[in-house]
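Data block below; observations after.
The values are calculated or read from the model by the stated rules, or taken from the named source; none is laboratory data. For clarity, every value in this text was computed on a predicted model and none was experimentally measured. Here Cβ is always computed from backbone atoms with ideal geometry, including for glycine, and neighbour counts include all displayed protein chains.
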Amino acid sequence: MVEDKKIFKKIEQEGNFWNPTEENEEIRGTITEIQDIDYGRQYKIKQDDGVIITTPSHKVLQNRMRDMKLGDYVKIVFTHEELPTVKGNNPTKFYDVYKAE
């Protein structure tokens, strides 16, 4: 058996990952970072209390956020979840997104 001599370092993510479960659950704040990852795009949002929240890479949310830029002040509201139409897929989460003017 060959011994694995690789050293691994745990990757830490700044902020809390937002995974809403209740209808009308919301976050609001300033977009401080936009990351393209394997599953799509995530946004880091600094709330008024200073806590940084990372959004999920849900397709509906990515679509609604596509025109957002660093520094934009946004409010994201989880509206509801629909069961998948294809067996074995995850439910689809829906969001409303607002941008401060």
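Before moving on, here are some points about what is shown:
- Flag if Glu82 is touching a Pro at 6+ places or on another chain (Cβ under 9 Å) and surrounded by fewer than 11 Cβ atoms within 10 Å (Cβ to Cβ): yes
- Matching residues, segment 28-60, being among the hydrophobic types (A, V, I, L, M, F, W, C) and under 16 Å from Leu70 (Cα atoms): Ile31, Ile34, Ile45, Ile52, Ile53
- Only residues that are more than 16 Å from Pro20 (Cα to Cα), free of Cβ contacts under 8 Å to residues at least 24 places away in the same chain and not polar (S, T, N, Q) were counted in segment 69-101, giving 5.
- Qualifying residue in segment 74-82 (condition: farther than 19 Å from Asn24 by Cβ and outside any helix (DSSP H, G or I)): no
- Scanning segment 15-68 for residues that are assigned to a strand (DSSP E or B) and free of Cβ contacts under 8 Å to residues at least 24 places away in the same chain turns up Gln35, Asp36, Ile37, Gly40, Gln42, Lys46.
- Yes/no for Ile45 being in contact with a Phe, Trp or Tyr (Cβ under 6 Å, 6 or more places away or on another chain), more than 27 Å from Pro84 (Cα to Cα) and at pLDDT 95 or above: no
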